[in-house]
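Read through the structure below, which is laid out as C-alpha cells, and then see the notes.
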Amino acid sequence: MNVQSITVLGATGSIGMSTLDVIARHPQRFRVHALSANRQWERLYEQCRQFQPRYAVLLDETAAEQLQAKLKLSGIDTQVLQGLAALEQIASEPGVDTVMAAIVGAAGLKPALAAARAGKRVLLANKEALVMSGQIFMQAVQDHGATLLPIDSEHNAIFQSLPRDGNGDLRAMGVRRILLTASGGPFRSIPIDALAQVTPTQACAHPNWVMGRKISVDSATMMNKGLEVIEAHWLFNAPVDQIQVVIHPQSVIHSMVEYIDGSVIAQLGNPDMRTPIAYALGFPERIESGVSALDLFQVARLDFEAPDARRFPCIELAYAALRAGGTAPAVLNAANEIAVAAFLDAQLPFQAIASVIEHTLAAIPLGAVETLEQVLGADAAARQIAQEQVVRSQATC
Ligand code: NAD
Ligand code: MG
C-alpha cells in the first residue's frame, strides 16, 4: 500500500480533529505532512507531538513564535511557518498527495485553490470556497487534474449515491433531482416569535451535530443549507431547480438522489463527520472510521418536512444568489460571515442576520466572475456594506 502524505488545513477545528482521529487509526496508510491553525498553538502543539508533521503553520505571528519555542524545548522536529503564503505552500508543495481543506470561511479559499491548482486530491470541507468561486474552483480542478472529494456530509452522501463513472452529466445518469436533507437546526420548532431573543449559546447547541461555531449558527438560520445548495450546484453540475431541500430532523439520511425511474438512492449513517471523512480519505476503498454502527431499531422512524420560508429566509436568499450568478454568491457568503460574527459577538439579533445579507445583496451591483480578483473584490465590498449595516442596526436597537 502506498502511504498517502496529507496536509490538514484547519487541523485544530472540528473537522480537522475528526480527520486526525481517522488518520490515527491507519498509521500504515497515512502520513501527516503538515498541519495548520489560525492561532490555537497549544492544540496544534499536541497534534505535532502525536503526528510529527514536517510543517506546522499558524496564521498568527505570536502564536507561531510560541509554538516554535515549545517544539524546540520538547525536541520535536517540526518546522513552524507563518502566514497565508505558508498555508498555500503546504497545500501545494510536491510530496503532498492529499489536502484536507477544513479552514472555516473565505479565509480557506486561497489555500484550497492552491491545492486544486497543484493537482492534489482535495478533500473539501470548506464549502465557503466553492460558494464564492465555484466556476473558478471547478475549472482549476479540471485544468490541473485534481481530484475533488466532498466532505460535507450531504455532498458526500450524494457523491456516494451517484454512479461512479457518470462524468458529471446528471441527465445522462438519469438523475431527476438531488434531495438535500437538513436537520432544521435548534430552532426548527420553537415559536417564530421566540427567534428574536435567541442567544449564541442556544444557536450553537445543535440537536444532532457537534461543529464549529460559525457553521452551527449557519445551521440555526439554515443558511448552511443555502450554502450547500450552491455547493451542490458546483460539485455535481446540478441545475438550481433540480436541488430540493428536505427537512429531516433525525439526520440519519445524509442526502438522496432521485432518478427518472422513480428510484431514490440515499446514504444513511450516524451523524458523525468521521464517516464522510473516512470515505474520502480511503476512496475508492472503505476504511474504518471509529463511527458506531447505525442502530435502526433505536432510530425507529425517519421524518420529513418542507422548510418554512418565513422561519428560514436565508435559504431563499441563497437560491436567489445562485440564480443571479456572477458575484452574488460571494456577496451572500461575505455578508453572512460578517452577520454571523456580529451575532456571535452579541452585536446583532438572530433575525437580523438575514436582513443584513438581504440589504448587502441589494446594495452591491452584480458583477461577472472571470478572475479570483473579482471574487475577492466582491467579498471585500460586501464585508464593508454588511459591517455598516450591523452598526446601523445597533443604532436602531
Ligand atoms: P472550526 O471553527 O471548528 O475550525 C476552523 C479551523 O480553521 C480551525 O483550525 C481554525 O484555527 C482555522 N481557521 C479559522 N480561521 C482561520 C483563518 N483566518 N486562517 C487560517 N485558519 C483559520 O470549523 P469547523 O466546524 O471544523 O468547519 C470547517 C469547515 O468545514 C467550514 O467551512 C464548515 O462549513 C465545514 N463543515 C464543517 C462541518 C462540521 O461538522 N464541523 C460539517 C460540514 C462542513
Ligand atoms: Mg452539511
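Observations on the model:
- This model, with +1 at the C-beta of Lys and Arg and -1 at the C-beta of Asp and Glu, gives region 75-129 a dipole about its Cα centre of some 220 debye.
- Spatial extent of region 142-189: Rg and Dmax, with the Cα atoms as the point set, Å: 14.1, 46
- Positive-pole candidate from Gln244, Ile178, Gln197, dipole of region 167-314, charges at beta carbon: Gln197
- Using the Cβ of Ile158 as centre and a radius below 12 Å, the other residues enclosed give a net charge of -4, where K and R count +1 and D and E count -1.
- Anisotropy class of region 208-309 from Cα gyration tensor, a/c 1.5 cut: rounded
- Extension gain from Glu316 to Gln384, taking 0.36 nm per residue of separation minus the Cα-Cα distance: 22.2 nm
- Dipole moment magnitude, nearest 20 debye, the chain about Cα centre, only Lys, Arg, Asp, Glu C-beta charged: 520
- Sorted from longest to shortest, the spans of the Cα atoms of region 325-397 along the three principal axes equal 39, 19, 16 Å.
- Cross-link partners of Lys225 among aspartates and glutamates (Cα-Cα below 17 Å; sequence separation of 8 or more within a chain): Glu128, Asp152, Glu154, Asp241, Glu305, Asp308, Glu316, Glu337, Glu358
- Put a dot 7 Å past the Cα of Asp165, heading toward its Cβ, do the same for Glu373, and the two dots end up 4.4 nm apart.
- Net charge dipole size for region 4-150 [Lys, Arg +1 and Asp, Glu -1 on Cβ; Debye, nearest 20]: 320
- Given charges at Cβ of Lys, Arg, Asp, Glu: region 245-380 dipole, positive-most of Ala293, Gly326, Phe312: Phe312
- With R₀ fixed at 25 Å, the C-beta to C-beta distance from Ala309 to Asp261 puts the FRET efficiency at about 0.20.
- Full extension of the segment from His144 to Asp193, taken as 0.36 nm per residue of separation minus the current Cα-Cα distance, would add 12.6 nm.
- For region 4-150: span of alpha carbons on each principal axis (Å, largest first): 46, 34, 26
- Think of the chain as a dipole: +1 on every Lys or Arg Cβ, -1 on every Asp or Glu Cβ, centred on the Cα centre; then among Leu348, Leu87, Ile6, Ile6 lies furthest on the positive end.
- Spacing of the modelled spin labels on Thr396 and Ser292, each 7 Å from Cα toward Cβ, amounts to 4.9 nm.
- Over 29 Å between alpha carbons, listed pairs Lys120/Lys214; Lys70/Lys127; Lys72/Lys120: Lys70/Lys127; Lys72/Lys120
- Trypsin sites (Lys or Arg not before Pro) restricted to region 241-322 and DSSP loop, no more than 16 other C-beta within 10 Å: Arg286, Arg301, Arg310
- Legend: P(r) of the chain from all alpha carbon pair distances, 10 Å bins from 0, whole percents, reading 5, 23, 33, 27, 11, 1, 0.
- Helical mean residue ellipticity (222 nm; -39500 (n - 2.57) per DSSP H run of 4+; nearest 500) of the chain: -14500 deg cm²/dmol
- Gain on full stretching of the segment that runs from Arg49 to Glu61 - 0.36 nm per residue minus C-alpha separation: 2.3 nm
- The chain: relative contact order in percent, alpha carbon pairs under 8 Å with at least 6 residues between: 14
Taken together, the values in this text are just the output of simple stated rules run on the coordinates, not laboratory data. Being a predicted model, the structure only gives us computed values, none of them experimental. When we count neighbours, we look across all protein chains shown, and the Cβ atoms used for this are built from the backbone with ideal geometry, even at glycine.
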